[in-house]
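Here the structure is laid out as structure tokens; the discussion comes afterwards.
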Amino acid sequence: MKSIYLYFQLLITVFILNACDSETKKSVSPTEVFADSVFDNHSYSNINKIRTKHLHIDLDVNFENKTVYGIARHEMINNGTDTAIFDIKALDIQKITLGKKGQEKETDFIIGQWDKDSILGQPLMVKIDPKTTLINIYYKTTEKTEAIDWLSPELTSGKKHPFMYTQGEAILTRSWIPLQDSPANRITYSASVTVPEGLLPVMSAENPIKTDKKGIYEFKMEQPIPSYLIAIAVGNLTYKKLGENCGIYSEPELIGQCSSEFIDLPKMINAAENLYGKYQWGQYDLLMLPYSFPFGGMENPRLTFVNPTVLAGDRSLVSLIAHELAHSWSGNLVTNRSWDDFWLNEGFTVYFENRIMESLYGKEISDILAQVELQELHNEIQYISESDHPEDTKLKLKLSGRNPDDGMTSIAYTKGAFFLKTLEKEIGREKFDKFLRSYFKTYAFKTVNTELFVDYLKVNLLEPNDSDFNAEEWIYKEGLPKNCYTIHSTRIDNVQQLAKRFENGENIFEEVKWLKINGRKKRKKQIIRLDRSKYITQEWQFFIRELPEKIDVKLLKRLDANLNFKDWGNSEIIFEWYLLGIKSGYVELRPSIEKFLLKIGRRKYIAPIYQELSKSPENLKWAREVFEKGKNNYHSISRNTVQEMLYKKK
Ligand code: BES
Ligand code: ZN
């Protein structure tokens, strides 16, 4: 008993010492892996002393118990430590052994306390000896496992088979696999997965395309990736090839719609390679998930996860695919070293996404897309500047003690992208592209933090071009610098005017034109009706956002009568429409909003709607009722966000 107590004391000391390491402190180790000592505020793991290089996971996916039974076999590089610390969150750890399969010896371990606001989870401290390299953790997931969404058949398109999937980014992988959950470490992985007969498992790895009779599948990811990119989904899935090295997995009911919506995928891959170098992951597939998926897309390597709200029917939302594809370079190949450097993942990706869109559909279109994002950025900067954390408008964040998800704002995405756009204009596209190509090449399969990027930028772009570009202001200061690149889009100007005219009570739905007959004086009156197809989705999005927040409901009804936004199957339009409707008291939208909230779990849509509803007592009451009906259909990421919004103590 006493020895265990002493050991516990020792572990705590090890943990505290580890936590005091400073970010820049160099390790004294001669070993190359430990050369750059890193510190991650969002991981308990002691990766400066011992690091996983390869992880093999044995997984048994049990739909009846909604439990994954697993063994995480870590092959590690040990720099002579006698304690290995892993991250876990709400996992049931059954036993831990050391050594090769078949010759394993059990060892002691201690699970630390929950962190105070249960963001990080718990440290799992394992007793090893300084030569230990193989650690096997036997575990099972629990009801509280946040990464996994277990769906009953009714929540799928086919309604016959259950479905499950995981979401790892930012720090949820630790809730379904015990590991060192920091983006600062890269690992290869393999998996042996057992699933019920007839269902197909797919992972961010080399994937099967057909079901196996016994339900046993092998996976491998041979390129080193950060832990947040390990993902699995299991369901009634079928595969359709879309090009040489790409295709789509989805339930059979959606495969036709998916393959027509994403027909341009091979062209996108081609455009991306022409811009920033060869695609490094072999295969690029998409996986269409059920509606509860909390994001629009997630860039799991070799297998981007996609939300069905992207299926607009007219390919108008495919920039999301360009975005997730771009992550195969920015994010997956060159990875943010900590969540404070999140803009290195997302800002570069949004910039890259826009370049892919420009290559495929032309500058007029890519400018409209960027303009819509910029409009949102202005609103968000205003909002954050007035919040408790005005410093969140800096690109380099300080998220210590907070949930890394707090960094998921349009600062990282759009301010990051406009930083690069502005830089491109300053230096010239040709030189800038060359710089980005060399950046991706230099740091391929490595992790980068903001400071390292700034050094690289100075040495390789700013100094050789004698530029005094204000990179530091962009990165380390609040707000949007004055030199931010401005886009001039005539088409956006036009919808802006259309919105103004409408707001002023003009009839925008009918345009009267006088046609000359035979070029003579006599003229004929022609009435042209405004049709939705006159503008693209993003122009309409801009139009709706340009209308005043508290617009006369009569006007909104007139818009619905003429253009029927309310029943437009396009998720982006309908989302903007609902928000404006709620702000303006258009209560007749309620049934339609309710249907939307019960079907869709994408946080980007449902959180702002619930947030807007929570601003008035009657709406809040109604929102709570809807949420209580729908909450079990949401992934924990969306559920937790909304729960907090609707029930926070003031
Ligand atoms: N990697 C993100 C999703 C993410 C970020 C998940 C942080 C968890 C934590 C993904 O690439 C993304 O940005 N998705 C966006 C779409 C994109 C077009 C802006 C989304 O889901 O809306
Ligand atoms: Zn992204």
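Within the range 301-321, take every residue that is more than 12 Å from ligand 2 (Cβ to nearest atom) and within 18 Å of Pro266 (Cβ to Cβ) and give me the one that is nearest to the chain's Cα centre (by Cα). It would help to see each step written out before you state the result.
Step one: list which residues in the range 301-321 are more than 12 Å from ligand 2 (Cβ to nearest atom), which gives 301-303, 306-318.
Cutting the leftovers down to within 18 Å of Pro266 (Cβ to Cβ) gives us 302-303, 306, 310, 315, 318.
Working: Arg302: 15, Leu303: 13, Val306: 10, Val310: 14, Arg315: 20, Val318: 15 Å.
In this case the residue turns out to be Val306.
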Residues within the range 165-190 that are away from ligand 1 (no atom under 16 Å from the Cβ) and touching a Lys or Arg at 6+ places or on another chain (Cβ under 8 Å), tallied: 8
Unique residue being among the small types (Gly, Ala, Ser), at pLDDT 95 or above and assigned to a loop (DSSP other than H, G, I, E, B) when the list is Ser29, Ser43, Ser22: Ser43
Meets criteria (within 11 Å of ligand 1 (Cβ to nearest atom) and part of a loop (DSSP other than H, G, I, E, B)) for Leu317: yes
Residue, farthest from ligand 1 (Cβ to nearest atom), within the range 289-302, restricted to residues that are crowded, with 24+ Cβ neighbours inside 10 Å and either in a helix (DSSP H, G or I) or hydrophobic (A, V, I, L, M, F, W, C) (or both): Leu289
Near pairs, Cβ below 6 angstrom, 6+ apart or cross-chain, from the range 537-555 (closer than 15 Å to Leu369 by Cα) to any residue that is crowded, with 16+ Cβ neighbours inside 10 Å and among the hydroxyl-bearing types (Ser, Thr, Tyr): Thr537/Ser316
Evaluation of Ile230 against (1) β-branched (Val, Ile, Thr); (2) more than 21 Å from the chain's Cα centre (by Cα); (3) buried (at least 24 other Cβ atoms within 10 Å of the Cβ) (one fails), failing number: (2)
Check on Leu646, surrounded by fewer than 21 Cβ atoms within 10 Å (Cβ to Cβ) and over 24 Å from Met288 (Cα atoms): yes
Segments classed as strands (runs of 3 or more DSSP E), wholly inside the range 422-531, with at least 3 members that are surrounded by 13 or more Cβ atoms within 10 Å (Cβ to Cβ): 446-448
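To keep it simple, each residue is scored yes or no on (1) within 24 Å of Leu333 (Cβ to Cβ); (2) in the same structural domain as Ser157 (by TED's automatic domain parsing); (3) in contact with a strand residue (DSSP E or B) (Cβ under 6 Å, 6 or more places away or on another chain).
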{"site": "Gly243", "(1), (2), (3)": "yes, no, no"}
{"site": "Glu251", "(1), (2), (3)": "no, no, no"}
{"site": "Ile255", "(1), (2), (3)": "no, no, yes"}
{"site": "Ile263", "(1), (2), (3)": "no, no, no"}
{"site": "Ala272", "(1), (2), (3)": "yes, no, no"}
{"site": "Gly277", "(1), (2), (3)": "yes, no, no"}
Candidates Glu206, Glu261, filtered to the one that is away from ligand 2 (no atom under 16 Å from the Cβ), among the acidic types (Asp, Glu) and crowded, with 23+ Cβ neighbours inside 10 Å: Glu261
Lys629 being under 25 Å from Trp540 (Cβ atoms), surrounded by fewer than 18 Cβ atoms within 10 Å (Cβ to Cβ), basic (Lys, Arg) and in contact (Cβ under 8 Å) with a residue 12 or more places away in the chain: no
Qualifying residues in the range 322-367 (those that are basic (Lys, Arg) and part of a helix (DSSP H, G or I)) - the one farthest from ligand 2 (Cβ to nearest atom): Lys363
Positions within the range 32-46 being buried (at least 18 other Cβ atoms within 10 Å of the Cβ) and either more than 25 Å from the chain's Cα centre (by Cα) or without any contact (Cβ under 8 Å) to a residue 12 or more places away in the chain (or both), in sequence order: Phe34, Ser37, Asn46
Flag for Ile187 being surrounded by fewer than 23 Cβ atoms within 10 Å (Cβ to Cβ), aliphatic (A, V, I, L, M), touching a helix residue (DSSP H, G or I) at 6+ places or on another chain (Cβ under 9 Å) and within 30 Å of Ile77 (Cα to Cα): yes
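The values are calculated or read from the model by the stated rules, or taken from the named source; none is laboratory data. These numbers were taken from a predicted model, which means no experiment stands behind them. Note that we place each Cβ from the backbone using ideal geometry, even for glycine, and neighbour counts take in every protein chain shown.
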